[in-house]
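Notes to accompany the following structure.
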Amino acid sequence: PNIVQCYDAGVSEDNAYIIMEYVEGRSLGQYLKEQGVFPVESALKIIMKLAEALKHALEHDIIHRDIKCENILLLENEQCADLPFVVKLVDLGLGYRLHSDRQELTLPGRFIGSPLIMAPEQFVHDCVINEKIDMYALGTVLYELIVGEHPFRGSNPT
């Protein structure tokens, strides 16, 4: 329930397409800009929903590789008292399928992801892709939910 549903994907007349669930809400990044940081208890509830989503993906041999506030949607849900949102993980465009013959999704020598939230090993082309990459990024999201900024800053994003 915490991953946006994909109904169909394919190519038509040389154009790739994806048909997915429509989620009327805003990104976690938008929410932070508009409302500010979350109380620790609420932030942890959001992280637990995302951890459940990542566990489900991993059970299907998928690593997301781009967990960030902009790829997390919040759908208002006033019926849920403890967390007034349904949390949805989106954008598996950089997803990596473990145990697949088709591993390369980008050009050799290029790293994949958003530098501000990437695990350090992702900057190395021949790094081992596993669930630890998503867990690292999930930690950066938790930090951002509580503190309101990325854990690392500098003049160069890498």
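Annotations
- If you go through region 35-57 and pick out every residue that is basic (K, R), open to solvent by 70 Å² or more (accessible area, probe 1.4 Å) and either out of contact with any strand residue (DSSP E or B) (no Cβ under 7 Å at 6 or more places or on another chain) or within 15 Å of G148 (Cα to Cα) (or both), you end up with 1.
- Residue list for region 24-34, restricted to those being farther than 17 Å from V147 by Cβ and surrounded by 15 or more Cβ atoms within 10 Å (Cβ to Cβ): G25, R26, S27
- Among the residues making up region 58-81, a single one is aliphatic (A, V, I, L, M), in contact with a helix residue (DSSP H, G or I) (Cβ under 8 Å, 6 or more places away or on another chain), at pLDDT below 90 and open to solvent by 10 Å² or more (accessible area, probe 1.4 Å): L58.
The values are calculated or read from the model by the stated rules, or taken from the named source; none is laboratory data. All values derive from a computational prediction rather than experimental measurement. Backbone-built Cβ (ideal geometry, glycine too); neighbour counts: all protein chains shown. Accessible surface is based on the protein model in full, side chains and every heavy atom, while ligands, DNA and RNA are left aside. Shrake-Rupley method; radii C 1.70, N 1.55, O 1.52, S 1.80 Å.
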